[in-house]
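Peer 1: Let me begin by handing over the structure; questions about it come next.
The values are calculated or read from the model by the stated rules, or taken from the named source; none is laboratory data. Not measured: the values here are computed from a predicted model. For neighbour counting, all protein chains shown are included, and Cβ atoms are generated from backbone atoms with ideal geometry for every residue, glycine included.
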């Protein structure tokens, strides 16, 4: 499959206050710890399943890091997000579509003991209150979803890049304020981060569709054996045109891997399309015809039946 293209653009301009959301970029990362449970949920790995389907493994990491403080408005929705088509990833993520997967708000229960925290107070009633930051949301998330889990995610077709990460979107500015694994590094998404890894292209392959060919020379006078040949057609399937390979007899170890010992002083040399087996070849499509030729060599030392077996196999170049 074709690799999705990765786009990256540097963010220009300075940080700005946006509504009641604010952020800063300190020189060193801060530890994210929920007041009740310690740590914050983070994505530890993303695994490709099939097609555009992935699974994200997450857990509550005691050394989780956040380099961007985020807090404020009552409509903030924090949790696990799929971010696609983002433009920049550093201490925060710029642009893209933020699709919520598992989320909480400031109005979800903060603690099981009923004490709560200042995060769920109203900024209208208490404009000086301490509103939700990452660690306050983490409390609520763990209560709601547990300490760890696996979330299945379908990546939209045509996405230029994608990232599965915990955090919260900004209020209208296109930013996303993430939490990362304590052992991970910036950028959060992209190389070295927790981006969704595109699966490797389907492997190129060729294999015999024809299961067996029998070359029956019948009764022959000894003098007529050497140089006699028969040709039959085999069909080989390949994943596509352009696969480079050669052929060999997998049950033969002698030089060339193309000669079968028939006994009584006679051998059979196998070739394909008038070329020795170990010639470099290129598939012409998904279905390929091979004219397989067996040529006898030697004069029988005694009368009687002679026979042998060769297993034609593919070696990729």
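Peer 1: Just a yes or no: is a residue in region 232-239 at pLDDT below 90 and out of contact with any strand residue (DSSP E or B) (no Cβ under 9 Å at 6 or more places or on another chain)?
Peer 2: no
Peer 1: Restricting to region 249-274, what's the tally of residues that are touching a strand residue (DSSP E or B) at 6+ places or on another chain (Cβ under 8 Å) and exposed (fewer than 14 other Cβ atoms within 10 Å of the Cβ)?
Peer 2: Matching residues across region 249-274 total 3.
Peer 1: Any idea how many residues of region 187-216 are surrounded by 15 or more Cβ atoms within 10 Å (Cβ to Cβ) and either under 30 Å from residue 311 (Cα atoms) or at pLDDT 85 or above (or both)?
Peer 2: 5
Peer 1: Would you check if residue 260 is part of a strand (DSSP E or B) and free of Cβ contacts under 8 Å to residues at least 40 places away in the same chain?
Peer 2: On the way: part of a strand (DSSP E or B): yes; free of Cβ contacts under 8 Å to residues at least 40 places away in the same chain: no.
So residue 260 does not fit the description; no.
Peer 1: Next question. Among 166, 176, 141, which is the only one that is assigned to a helix (DSSP H, G or I) and at pLDDT 85 or above?
Peer 2: None of the others qualify; the one that does is 141.
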